[in-house]
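All remarks here apply to the structure that follows.
No value in this document is a laboratory result; all are computed from the given coordinates. Please read these numbers as outputs of a predicted model, since none were measured by experiment. For neighbour counting, all protein chains shown are included, and Cβ atoms are generated from backbone atoms with ideal geometry for every residue, glycine included.
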Number of protein chains: 2
Amino acid sequence: MNYGRFASYEEFLNELTLFHGKPAPGGVLALHMVNMAWEVFPKDVLMDVICETRKCLADTIQLLTPCTVGNHWLKIVDTGRFAGVFYDKQTGEGVRISLSMERLKLWPRVEEWYLKLIPKHEQSLQAILDEINEAGADLFDMVEVTVEPEVLKVRPKTPPVFCPICGEAYPPDHGPICRGCAGLTDSYYRSRTPAAVGAER
Amino acid sequence: MNYGRFASYEEFLNELTLFHGKPAPGGVLALHMVNMAWEVFPKDVLMDVICETRKCLADTIQLLTPCTVGNHWLKIVDTGRFAGVFYDKQTGEGVRISLSMERLKLWPRVEEWYLKLIPKHEQSLQAILDEINEAGADLFDMVEVTVEPEVLKVRPKTPPVFCPICGEAYPPDHGPICRGCAGLTDSYYRSRTPAAVGAER
Ligand SMILES: [Zn+2]
Ligand SMILES: [Zn+2]
């Protein structure tokens, strides 16, 4: 078992608690997924990741691998499934590792937790973590996949442009106005002040 | 200046380098944004964040605050702008802090870097970081905002259901089949093997 930049399981679990907010079973499941992926690739291959859920899996990937949301080496494609695609960023070839519903049946503590079969207060976090660590790779399916060429595209390092509506800078490939002003993103806030505080200073 | 769970600027910068891959100027810009937000909220308020870019800003928020992509307290709404909305998760009231294009003109090293005005090899990382730390809050606009009620909704803790197509578990509010099988997410991989490796074992 490899813990990335952490010296031991305990150190990893401690950092998961600090970063994610708690020693979540999903974060420990993810430790085994990342280890399965590391065994597939030679050490000199640069591995990127697509995470299929915005859950603890994403946080463990960020802690253990060089891939984060902010450096674009981790991408989220939210299918809601506990799965990740680990691939060679040069060739796009890799593996998809997913929690197996068939295999879960063999590990009752993990199954009760993941499928929420019994109330949370009747579950023992330690028993769940212990069973995850005993099961390891046995909990997962792995298939060989090739990532879509679109995913492998490196974004051009073009200078940002100014949005004629909001005046802020944005990537020119987003179009003639920024995505916020174009209404292309989810609506997420309303202003409570008529003018910018900064502009008023 | 506050560095969250890090003891000093140097310790923060070291962790940013480990986590994000390099001591990116955007990550240090974000340090000042987070500090501006911390000054707005009383210590006992639980602050959630919406980040408007998938860049270094997102990584600094994850390092300095309890909010991560995996615990859902950090959300990404990718308008492509260097901005973040920091809000009280109970009331939805907060501030939007954004890099000001007007103020950027007063800080030439930061402007050259952010707007890519001169080639990267002619820029000095240390000079950019020094100017960011000298400018601090002066580089930003801040407006009071209220986050949309939709954003504040707490996801129900319902048990996952099995997708009749792929057999994997997913959140029931996603619909009768998972988003991956429904084609609701971006296409991101093709299988290279007919059956799951796990199933063949
Ligand atoms: Zn705009
Ligand atoms: Zn499915």
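Computed quantities for the displayed model
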| read-out | value |
| --- | --- |
| Closest approach to the axis - chain B beta-carbon, rotation onto A, Å | B:Val69, 3 |
| Cα-derived Rg over Rh, computed across the protein assembly as shown with Rh taken as Kirkwood radius | 0.97 |
| Shielding score for B:165-176, defined as the mean number of other chain Cβ atoms within 10 Å | 4 |
| Volume in Å³ per residue [convex hull over Cα atoms, computed for region B:9-152] | 112 |
| Positive-end residue of B:Leu99, B:Met47, B:His121, charge dipole of region B:9-152 with Cβ unit charges | B:His121 |
| Label point 7 Å beyond Cα along the C-beta direction, distances from A:Glu102 to other copies (nm, shortest first) | 6.4 |
| Gained length - B:Thr158 relative to B:Thr185, 0.36 nm times residue gap less alpha-carbon distance | 7.5 nm |
| Helix A:9-20 vs. chain A, principal-axis angle (Cα, 0 to 90°, nearest 10) | 30 |
| Label-point gap, in nm, between A:Leu117 and B:Thr17 - each point 7 angstrom along Cα→Cβ | 4.9 |
| Cross-link table A:Lys55/A:Lys153; A:Lys157/B:Lys153; A:Lys116/A:Lys153; A:Lys22/A:Lys43; B:Lys22/B:Lys75, entries beyond 27 Å C-alpha to C-alpha | A:Lys157/B:Lys153; A:Lys116/A:Lys153; A:Lys22/A:Lys43 |
| Within 10 Å of each Cβ in B:93-101, the average number of Cβ atoms from other chains | 4 |
| Mean-position separation - Cα centroids, region B:118-152 and region A:106-169, in angstrom | 29 |
| Nitroxide proxy distance, nm - points 7 Å out along Cα→Cβ at B:Ala137 and B:Arg192 | 5.3 |
| Mean separation of Cα contacts under 8 Å (6+ apart) over length of chain A, as relative contact order % | 16 |
| Chain B: angle of helix B:25-40 to the longest principal axis, Cα-based, in degrees nearest 10 | 90 |
